[in-house]
Amino acid sequence: MSDEENFEAEEAEEEQEPEETGEEELGKEEQGEEEEEEKFPEIPLTEEIVSESISLLCKTGDGLAHAYVRLDIHDKEITDISILNSYIHLRYVDLTKNNLKDISPLNSLTHLLTLKADTNHLASARLEEMPYLQVASFNQNKIKAIDGVNHPLLEHLSMSFNEIHQISGLDPSKLNRLHTLELRGNKLTSTAGLYLPNLKNLFLGANLISSLEGLERLEHLTTLHLRDNQIGSLDGFSDCNKQLQYINLRGNNLASIKETKKLQCLPKLRAIVLSENPCEDDETCRIEVLVNLRRLERLDKEEYTDDDREEAEQLAEQRKQEELANEDTGTPLS
């Protein structure tokens, strides 16, 4: 897939999530403690439900027998999965849209490869270290802290639309395969705490972020989504972010186009999104951004043309000549 196709896919995903999931979930959070304490009838997972929901017969890990390895029990109002203690050969588990508050029985599933536990009532995603877990999703729960997710083969972790206030508990020595982290729709105010040098894709849209900190540790980051936050300054990027190609800053508080000069340290930056920022009101915004970032290929959803590049080049040259002239006369540049 080309860079352009990647960027378009990323924008489509970023546009869809807050509209269909984020705003709805954030609205639910405002309904008060009564809903948080809502009681559900006890519906334990039974052998009968498991037998109807299990599939994919495969060889067991030791190759000496066969077992079903996929379980899909989404949307069944289950409150207790204790029975899964004995299903040790499961590799793919979907628990989405139930009423679970505890997933500790999954600790017995040491062959688990993928886990979906979205839309439950989990206060924690904590599990013992799962040696083969590669993909884990805990979206739309009541999780307040990132802990117990340091699984050595984990590649994609999603904890969007929870109640996480800060990023902590991510062990870079354990999570050296993690390439995608999704924390949309939480209560983060800063990017501090991300010490994941191999991370490539970071989704932090719909938080309360006003401060960009610790980004210099993300040396392999290529895609950064910061849509719908409270960012007014682009301090925090560095030449350590040498792989960063795409930044979505839609719906923030960037008032000055001059802030984009702070992105000149990003040698591979090819596309940024600045729509729904105050600086967008400046009719010169599009060309001024290109003056500051000559290698940029696209602003928002529109590619730069050869005419745009020529205009930006002329404007930059004109300003350079004015600056030289002012230096000769001692006149300060306005």
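The packing ranking of peptides 179-186, 256-263, highest mean first, is 179-186, 256-263, where packing means the average number of other beta carbon atoms within 10 angstrom of each residue.
In units of 2.2 N^0.38 Å, what is the alpha-carbon radius of gyration of the chain? My calculation over the Cα atoms of the chain gives 1.19. Lysine pair count for segment 34-158 with Cα-Cα distance under 28 Å and sequence separation of 8 or more or different chains is 20. Of the chymotrypsin sites (Phe, Trp or Tyr not before Pro) in segment 179-252, the ones in a loop by DSSP (not H, G, I, E or B) with at most 16 other beta carbons within 10 Å are Tyr195. For segment 164-268, a simple Cβ point-charge model (Lys and Arg +1, Asp and Glu -1, everything else neutral) yields a dipole of about 240 debye relative to the Cα centre. Of the solvent-accessible surface of the chain, computed with a 1.4 Å probe and all protein chains present, 46% belongs to carbon and sulfur.
Per-residue SASA remark: Asp281, around 130 Å² accessible (1.4 Å probe; ligands, DNA and RNA not included).
Extension gain, Thr305 to Lys101, is 68.1 nm, computed as 0.36 nm per intervening residue step minus the present C-alpha separation. The simple Förster model, with R0 at 30 Å and r as the Cβ-Cβ distance, assigns Thr329 and Asp235 a FRET efficiency of 0.35. Packing-based ranking of 153-163, 285-295 yields 153-163, 285-295, ordered from highest to lowest mean Cβ neighbour count within 10 Å. Accessible surface for segment 198-255, divided over its residues, is 33 Å² per residue with a 1.4 Å probe. Ignoring everything except DSSP H segments at least 4 long, calculate the 222 nm mean residue ellipticity for the chain; use -39,500 (n - 2.57) per segment, divide by total residues, nearest 500. The helix-only estimate for the chain comes to -6000 deg cm²/dmol at 222 nm. Per residue, the accessible area of segment 264-319 comes to 56 Å² when a 1.4 Å probe rolls over the protein heavy atoms. In whole percents, the pair-distance distribution calculated for segment 224-272 from its alpha-carbon pairs, binned every 5 Å from zero, is 5, 21, 31, 29, 12, 1.
The values are calculated or read from the model by the stated rules, or taken from the named source; none is laboratory data. Here the structure is a predicted model, which means the values were calculated and not measured. Cβ sites come from the backbone with ideal geometry, for glycine too, and all protein chains shown count toward neighbours. Note: accessible area is taken over every heavy atom of the protein model, side chains too, but ligands, DNA and RNA are not part of it. Shrake-Rupley method; radii C 1.70, N 1.55, O 1.52, S 1.80 Å.
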